[in-house]
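Report on the following structure.
The values are calculated or read from the model by the stated rules, or taken from the named source; none is laboratory data. Source: prediction; values computed, not measured. In this analysis, Cβ positions are derived from the backbone assuming ideal geometry, glycine residues included, and neighbour counts consider all displayed protein chains.
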Amino acid sequence: MTTLNLLCLPYSGASAMVYSRWRRKLPAWLQVRPVELPGRGARMGEPLQTDMQALARQLAAEQRLATAAPYALLGHSLGALLAFELAHELRALGCPPPLALFACGTAAPTRREDYDGKNWREPKSDDELKSELRELNGTPEEVLANAELMGLTLPILRADFMMCGRYAYRQRPTLPCPLHVMGGDADRASEEQLLAWRKEGHSHFSLHMFPGGHFFLHEHEEAFLATLTEHLQGARQPVASLSVN
């Protein structure tokens, strides 16, 4: 049976291992491969990055071999933009396209008004970062009050927010893979901002709205993973047919 590698890019401040629990919840043919970013998790000793294009280029070189097998890309928030840029950088290296790109929880690359409005290009203070975490409603107060945990998390978050704030959209040929966008109905990204992702691909497009805020993929994990699996099951059918023939 044809397996499919799902390369997962984390959101701001997080390690890619936030996706590791999915390994127990998804079918065996779907191999979850969290893509760790420099400065966190197993790569804690590496410098943090604030240039998304440079990071995407680095990750493309690191993940190039993974594209020899059928694969899909998924990212949430910052990770969605990074997955999008990674798809383009892999294309520039001559790699086959992903079977699908899943962009979750963020406005399209051409609709970054929310970041522009808050001037995330410049580093924010600890208090400003904590305030943003409270607004996103994904961090318990006891974690925000833990000085040791915050001491580890806030530098990563600061760099990640700057990376988003400094992101510059570049016009390139549209991606040839299906593009599936996921959003929360109480999240900041509007349906219009999410629908604007449609312009970035010339294959199949879908938009799925889930109940909840920014972290709908955790709040409604079962429904989210069911939708993900359904799309990838369909995407791998042509690959399976080719391997049989």
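Name the single residue that is modelled with the highest pLDDT among those in the range 137-154 being assigned to a helix (DSSP H, G or I) and within 22 Å of the chain's Cα centre (by Cα).
Going residue by residue through the range 137-154, those that are assigned to a helix (DSSP H, G or I) are 141-144, 147-154.
Restricting the remaining residues to those that are within 22 Å of the chain's Cα centre (by Cα) gives 152-154.
Values: LEU152: 88, THR153: 89, LEU154: 92.
So, considering only residues that are assigned to a helix (DSSP H, G or I) and within 22 Å of the chain's Cα centre (by Cα), the one modelled with the highest pLDDT is LEU154.
Report yes if some residue within the range 118-138 is among the hydroxyl-bearing types (Ser, Thr, Tyr) and surrounded by 21 or more Cβ atoms within 10 Å (Cβ to Cβ); otherwise report no. Don't jump to the end; show me each part of the working.
If we filter the range 118-138 for residues that are among the hydroxyl-bearing types (Ser, Thr, Tyr), which is where we start, we get 125, 131.
In the following step, the residues that additionally are surrounded by 21 or more Cβ atoms within 10 Å (Cβ to Cβ) were identified as none.
So far as the range 118-138 goes, no, none of its residues is among the hydroxyl-bearing types (Ser, Thr, Tyr) and surrounded by 21 or more Cβ atoms within 10 Å (Cβ to Cβ).
Is it true that some residue in the range 142-158 is among the β-branched types (Val, Ile, Thr) and under 24 Å from HIS208 (Cα atoms)?
We begin by selecting, within the range 142-158, every residue among the β-branched types (Val, Ile, Thr); these are 143, 153, 156.
Filter again for under 24 Å from HIS208 (Cα atoms), leaving none.
Checking the range 142-158: not a single residue is among the β-branched types (Val, Ile, Thr) and under 24 Å from HIS208 (Cα atoms).
Restricting attention to the range 7-18, does a residue exist that is surrounded by 18 or more Cβ atoms within 10 Å (Cβ to Cβ), in contact with a Cys (Cβ under 9 Å, 6 or more places away or on another chain) and of a type in the set (Ser, Thr, Tyr)?
The answer is yes; a qualifying residue exists.
Is it fair to say GLU148 is exposed (fewer than 15 other Cβ atoms within 10 Å of the Cβ) and over 20 Å from THR106 (Cβ atoms)? Please lay out each step first, then the result.
Values: exposed (fewer than 15 other Cβ atoms within 10 Å of the Cβ): yes; over 20 Å from THR106 (Cβ atoms): yes.
In short, yes.
Looking at the range 213-245, which of its residues are small (Gly, Ala, Ser) and modelled with pLDDT under 95?
Of the range 213-245, the ones small (Gly, Ala, Ser) are 213, 223, 226, 234-235, 240-241, 243.
Those that are small (Gly, Ala, Ser) and modelled with pLDDT under 95: GLY213, GLY234, ALA235, ALA240, SER241, SER243.
Could you tell me whether the range 46-59 includes any residue that is within 15 Å of the chain's Cα centre (by Cα) and more than 30 Å from PRO173 (Cβ to Cβ)?
Just the residues of the range 46-59 that are within 15 Å of the chain's Cα centre (by Cα), to begin with: 52-53, 55-56, 59.
In the following step, the residues that additionally are more than 30 Å from PRO173 (Cβ to Cβ) were identified as none.
No, there is no match, as no residue in the range 46-59 is within 15 Å of the chain's Cα centre (by Cα) and more than 30 Å from PRO173 (Cβ to Cβ).
Looking at ARG40, ARG91, ARG111, ARG134, which one is at pLDDT 95 or above and basic (Lys, Arg)?
Numbers: ARG40 fails: at pLDDT 95 or above; ARG111 fails: at pLDDT 95 or above; ARG134 fails: at pLDDT 95 or above.
The unique qualifying residue is ARG91.
Kindly indicate whether any position in the range 53-68 is touching a Phe, Trp or Tyr at 6+ places or on another chain (Cβ under 9 Å) and either free of Cβ contacts under 8 Å to residues at least 12 places away in the same chain or of a type in the set (D, E, K, R) (or both). Show your work before the answer.
Restricting attention to the range 53-68, the residues satisfying the condition of being touching a Phe, Trp or Tyr at 6+ places or on another chain (Cβ under 9 Å) are 53, 56, 63.
From the residues that got through so far, the ones that are either free of Cβ contacts under 8 Å to residues at least 12 places away in the same chain or of a type in the set (D, E, K, R) (or both) too are none.
No, there is no match, as no residue in the range 53-68 is touching a Phe, Trp or Tyr at 6+ places or on another chain (Cβ under 9 Å) and either free of Cβ contacts under 8 Å to residues at least 12 places away in the same chain or of a type in the set (D, E, K, R) (or both).
I need a count of the residues in the range 123-136 that are in contact (Cβ under 8 Å) with a residue 12 or more places away in the chain and either outside any loop (DSSP other than H, G, I, E, B) or within 26 Å of ALA186 (Cα to Cα) (or both). Step through it out loud before you land on a result.
Our first condition is that a residue be in contact (Cβ under 8 Å) with a residue 12 or more places away in the chain; within the range 123-136, this holds for 123-124, 126, 129-130, 132-133, 136.
Then keep just the ones that are either outside any loop (DSSP other than H, G, I, E, B) or within 26 Å of ALA186 (Cα to Cα) (or both); that gives 124, 126, 129-130, 132-133, 136.
So the answer is 7.
What's the total number of residues in the range 65-86 that are surrounded by 18 or more Cβ atoms within 10 Å (Cβ to Cβ), more than 19 Å from ARG166 (Cα to Cα) and among the aliphatic types (A, V, I, L, M)? Before you say what the answer is, go through the steps one by one.
First pass over the range 65-86, keeping only residues surrounded by 18 or more Cβ atoms within 10 Å (Cβ to Cβ): 67, 70-86.
Filter once more, so that each one left must be more than 19 Å from ARG166 (Cα to Cα): 67, 70-74.
Then drop every residue that is not among the aliphatic types (A, V, I, L, M), which leaves 72-74.
Residues that pass the stated criteria total 3.
Looking at ALA235, ALA196, ALA159 in this structure, which one is in a helix (DSSP H, G or I), touching a residue at least 24 places away in the same chain (Cβ under 8 Å), closer than 23 Å to GLY94 by Cα and among the hydrophobic types (A, V, I, L, M, F, W, C)?
Numbers: ALA196 fails: closer than 23 Å to GLY94 by Cα; ALA159 fails: closer than 23 Å to GLY94 by Cα.
None of the others qualify; the one that does is ALA235.
Taking the range 99-114 only, how many residues are within 14 Å of the chain's Cα centre (by Cα) and not polar (S, T, N, Q)?
Adding up the residues that qualify gives 9.
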